[in-house]
Amino acid sequence: MIITSVCLVIFSFLFLVQLCYYIFIYFKLVIYKEQKKSFSKGVSVVVCGYNEEKYWQALVDKLLKQDYPNFEIVLVDDQSTDNTKFVFKQWENYPNIKLVDIGEDIKKGLGKKFALTLGIKAAKYDYLLLTDADCYPKSKNWISSMAQHFSDKAIVLGYGAYEKHKGLLNKLVRFDTFQVAIQYFSYALIGKTYMGVGRNLAYKKSLFFDNKGFASHLHLPSGDDDLFIKEVASHNNTAISITHSSHTLSVPKNTWKSWIRQKSRHLSTGFYYKNYHKFMLGLWSLSNIFFWLMFFTLLMFQKSLYLIFSLFLIRLLVQILILQPVMKKLNEKDLIFAYPFLELLSIFFYFIFIFNRTIKKKNFW
């Protein structure tokens, strides 16, 4: 009886913690209205890749069709061993395409941060727009939708979505991407920016070099987006762009192994976040994990079932009311129907990511 009462108190407390996050943080994204601004200065789109020959053609074709008056494309080949160099040859004489080849004389294995630094150095404009080789803009207005925020901000966080395909893995990949996005977008809106995603990110070149680039975390495989943004973002220099025209799409991982490997690498940077962000993100994750744990534990005790299900359904209703409009803004509406199941499944995989991270060596790409 005492154990049941303690579990019920913990469950009720976790319910309140979760509600506070939804109402006071994530709700900011529901009421956010993106204002159209005027901006037409030159923009450098910088893309790095390693062994991405099958993606370059589709990406460049879409970039060349961008409806923006003044931009260049900087493509960086990081010592690829596939046919990337031959794919690049077709663009050698394009006036607004700049090719950067990291030669064989450079030490191998320096990773994406080194390649990106060379691409940024080669860029002729102060306004940078970054994406990955396996990504592509959803709209011909991608550059204009992202760059317009440079009119009064130095950093722009965009949404890097994944293509929709059939299967549980695809839904879980997109669910995880959505979960990460609502966090970094919402924290940016309350002036507590801690990350962006390299699939769709913009910032000023001068900001990059004023911060000495990635120098403070060059030894880590990840962090070209989150750790860098954590260092340079302030409460008033960052904007978010969530209109559909500002989205990028990426080819999702198609095997569980490759996705687990990717996510495990991404989690490696969390230890280096600011204490405030570590506390807030950690509290959110733990409250989520233990909410479900207490829910199933109390169901086993079969006590106070009316109260248990009432709290569970209230939380679910709040989730739907807040997340559904955000999903609509981010074009992920289909996820709402399986949200509780995907949330529970993501908790299971969270522990797999952590375990996998502890036994795998660093992978800089």
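If a residue counts only when it is under 25 Å from the mean Cα position of the chain (by Cα) and under 24 Å from Ser245 (Cα atoms), which helices (runs of 4 or more DSSP H) contained entirely in region 22-114 have at least 2 such residues?
27-31, 53-64
Does region 82-89 contain any residue that is aromatic (Phe, Trp, Tyr), touching a strand residue (DSSP E or B) at 6+ places or on another chain (Cβ under 9 Å) and touching a residue at least 60 places away in the same chain (Cβ under 8 Å)?
The answer is no, given that none of the residues of region 82-89 is aromatic (Phe, Trp, Tyr), touching a strand residue (DSSP E or B) at 6+ places or on another chain (Cβ under 9 Å) and touching a residue at least 60 places away in the same chain (Cβ under 8 Å).
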TODO: Count, please, the residues in region 217-227 that happen to be surrounded by fewer than 22 Cβ atoms within 10 Å (Cβ to Cβ) and not aliphatic (A, V, I, L, M).
DONE: 3
Open item on the list: Residue pairs, Cβ under 7 Å, 6 or more apart or interchain, first in region 122-140 and modelled with pLDDT under 95, second assigned to a loop (DSSP other than H, G, I, E, B) and surrounded by fewer than 18 Cβ atoms within 10 Å (Cβ to Cβ). List them.
Closed with: Asp134/Val251
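Which members of region 3-31 meet the condition of being among the aromatic types (Phe, Trp, Tyr) and loosely packed, with under 15 Cβ neighbours inside 10 Å?
Step one: of region 3-31, the residues among the aromatic types (Phe, Trp, Tyr) are 11, 13, 15, 21-22, 24, 26-27.
Phe13, Phe24, listed by residue number.
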Task: Any pair with Cβ under 9 angstrom, 6 or more apart, that starts in region 1-24 at a residue that is in contact (Cβ under 8 Å) with a residue 40 or more places away in the chain and within 14 Å of Leu317 (Cα to Cα) and ends at one that is among the basic types (Lys, Arg) and surrounded by 11 or more Cβ atoms within 10 Å (Cβ to Cβ) - done: Phe15/Arg315; Gln18/Arg315; Leu19/Arg315; Tyr22/Arg315
Open item on the list: Every residue in region 198-216 that is surrounded by 14 or more Cβ atoms within 10 Å (Cβ to Cβ) and farther than 14 Å from Val46 by Cα, please.
Closed with: Leu207, Asn211, Gly213, Phe214, Ser216
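Please state which one of Lys329, Lys303 is farther than 24 Å from Lys28 by Cα and of a type in the set (Lys, Arg).
On the way: Lys329 fails: farther than 24 Å from Lys28 by Cα.
Result of the check over Lys329, Lys303: Lys303.
Sort out which residues of region 231-275 are closer than 30 Å to Ser151 by Cα and among the basic types (Lys, Arg), and write them in order of number. Write out each step before concluding.
So in region 231-275, the residues closer than 30 Å to Ser151 by Cα come out as 231-250, 273-274.
Once the filter is applied, which keeps residues that are closer than 30 Å to Ser151 by Cα and among the basic types (Lys, Arg), region 231-275 yields only Lys274.
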Task: Check on Leu130, assigned to a strand (DSSP E or B) and of a type outside the set (Ser, Thr, Tyr) - done: yes
- [ ] Out of Lys230, Lys253, report the one residue that is in contact with a Ser or Thr (Cβ under 8 Å, 6 or more places away or on another chain) and surrounded by fewer than 23 Cβ atoms within 10 Å (Cβ to Cβ).
- [x] Lys230
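Kindly indicate whether Ser287 is at pLDDT 95 or above, of a type in the set (Ser, Thr, Tyr) and exposed (fewer than 15 other Cβ atoms within 10 Å of the Cβ).
For Ser287, the condition - at pLDDT 95 or above, of a type in the set (Ser, Thr, Tyr) and exposed (fewer than 15 other Cβ atoms within 10 Å of the Cβ) - is not met.
Hey, could you check region 326-338 for residues that are in contact with a Leu (Cβ under 7 Å, 6 or more places away or on another chain) and in contact (Cβ under 8 Å) with a residue 24 or more places away in the chain and say which is surrounded by the most Cβ atoms within 10 Å (Cβ to Cβ)? Even if it seems obvious, please write down each step before you answer.
Residues of region 326-338 in contact with a Leu (Cβ under 7 Å, 6 or more places away or on another chain): 326-327, 335-336.
When the remaining residues are screened for being in contact (Cβ under 8 Å) with a residue 24 or more places away in the chain, the result is 326-327, 335.
Values: Val326: 22, Met327: 18, Leu335: 20.
Among them, the one singled out is Val326.
Among what's in region 163-188 and is charged (D, E, K, R) and closer than 16 Å to Met327 by Cβ, pick the residue that is surrounded by the most Cβ atoms within 10 Å (Cβ to Cβ). Give the derivation first.
As a first pass, look at region 163-188 and keep what is charged (D, E, K, R): 163-164, 166, 171, 174, 176.
Within this subset, residues satisfying the condition of being closer than 16 Å to Met327 by Cβ are 164, 171, 174, 176.
Values: Lys164: 14, Lys171: 20, Arg174: 22, Asp176: 20.
Here the answer is Arg174.
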- [ ] For region 120-139, indicate whether the set of residues that are in contact with a Leu (Cβ under 9 Å, 6 or more places away or on another chain) and closer than 17 Å to Lys36 by Cα is non-empty.
- [x] no
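The values are calculated or read from the model by the stated rules, or taken from the named source; none is laboratory data. Here the structure is a predicted model, which is why all the values come from computation and not from measurement. Note that each Cβ is placed from the backbone with ideal geometry, even for glycine, and that neighbours are counted across all protein chains shown.
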